[in-house]
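The values are calculated or read from the model by the stated rules, or taken from the named source; none is laboratory data. Quick caveat: nothing in here was measured; it's all calculated off a predicted structure. When we count neighbours, we look across all protein chains shown, and the Cβ atoms used for this are built from the backbone with ideal geometry, even at glycine.
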Amino acid sequence: MKASWRSFIALLCVLIACIAWSPAVVALPAATAVDSDLALAAQISPLASNKTPEEIANNPAVKDAMGAAWADSSADNATTRHEEGGWIYEDADGNLTVQRWPAGNRSSIDAPPPTPPPGGHVVGEFHTHPNWHPPDGKDEAGKEWKKGPSDEDKGAKLPGTTGIVTDRSGNVTLY
Amino acid sequence: MQKMRHRIWLLMGVTMIMLTFPFAGCTGGGGITSEEAITIATEAVENDGVMSLDGRDTEVLEEATYWHVYFPFSSPITRGGSPHVFVNKTSGAVIDLYYTE
């Protein structure tokens, strides 16, 4: 009787512990695939640059491309507004060029694989945020938007490069 | 002596239950669970009609008085935002719904 009582308690404890901790086991982050993608991208495209994020954002070619992307975003049209963006490359002579991405959706955009010029590399990326409205972030329909960049923006950016977001306030946010 | 041993075993069992129960995804206080919060948040986002939940993961954070449920993109190449929903832990009411971009 003694042994069976002890066994019952021990079994109960183990069972409850297993049930209690199982969500933590199931919820382990599956970040391996993302990490390997980023590592591969970094190998394909060397990321070192002598330019600061501010120098990249203020480069005339980059500013022109960001202005064009903002215009293409149709930010003032509540029905058709969408994100635009592109890669920023530095060529072998240190000049910056831009390769635009295909147009995105209302609040997201996919970056195609970078194709820097021969001898060049990725130094940054930019995209537009047409939804946030000053002063409180609410759009015409009263939906609340937070000013970016989002965690997904930061997580998707190639390591060591500069991320740039433009919004309707006219400000440029670096990340 | 035997009675004492039984009490010790029983005490150990109760202690383990008390220590592990809060980690089981339950509120432990009679409120709604994280799974219920996800269901509420999903319905709120679908009813709001701003963002589709296709191609998104589901994440939930436990705060002091509410569950923070959000739906980040699954694809690592996507730049973009998510719906974020705060669900009251006691009542299950949606206390905030906002979007990132």
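Which one of these does residue A:86 not meet: (1) farther than 16 Å from residue A:163 by Cβ; (2) assigned to a strand (DSSP E or B)?
So the condition that residue A:86 fails would be (1).
Residue A:73 versus (1) surrounded by 15 or more Cβ atoms within 10 Å (Cβ to Cβ); (2) more than 14 Å from residue A:165 (Cα to Cα); (3) modelled with pLDDT of 95 or more: which is the lone unmet condition?
Of everything listed in (1) surrounded by 15 or more Cβ atoms within 10 Å (Cβ to Cβ); (2) more than 14 Å from residue A:165 (Cα to Cα); (3) modelled with pLDDT of 95 or more, residue A:73 misses just condition (2).
For segment A:132-159, give me each residue that is under 24 Å from residue A:99 (Cβ atoms) and out of contact with any helix residue (DSSP H, G or I) (no Cβ under 7 Å at 6 or more places or on another chain).
Within segment A:132-159, A:148, A:149, A:150, A:152, A:153, A:154, A:155, A:156, A:157 qualify.
Take residue B:77 and tell me if it is without any contact (Cβ under 8 Å) to a residue 60 or more places away in the chain, more than 12 Å from every other protein chain (Cβ to nearest Cβ) and more than 14 Å from the chain's Cα centre (by Cα).
Considered against the rule, which asks whether it is without any contact (Cβ under 8 Å) to a residue 60 or more places away in the chain, more than 12 Å from every other protein chain (Cβ to nearest Cβ) and more than 14 Å from the chain's Cα centre (by Cα), residue B:77 comes out as no.
Report whether or not residue A:148 is buried (at least 24 other Cβ atoms within 10 Å of the Cβ) and small (Gly, Ala, Ser).
yes
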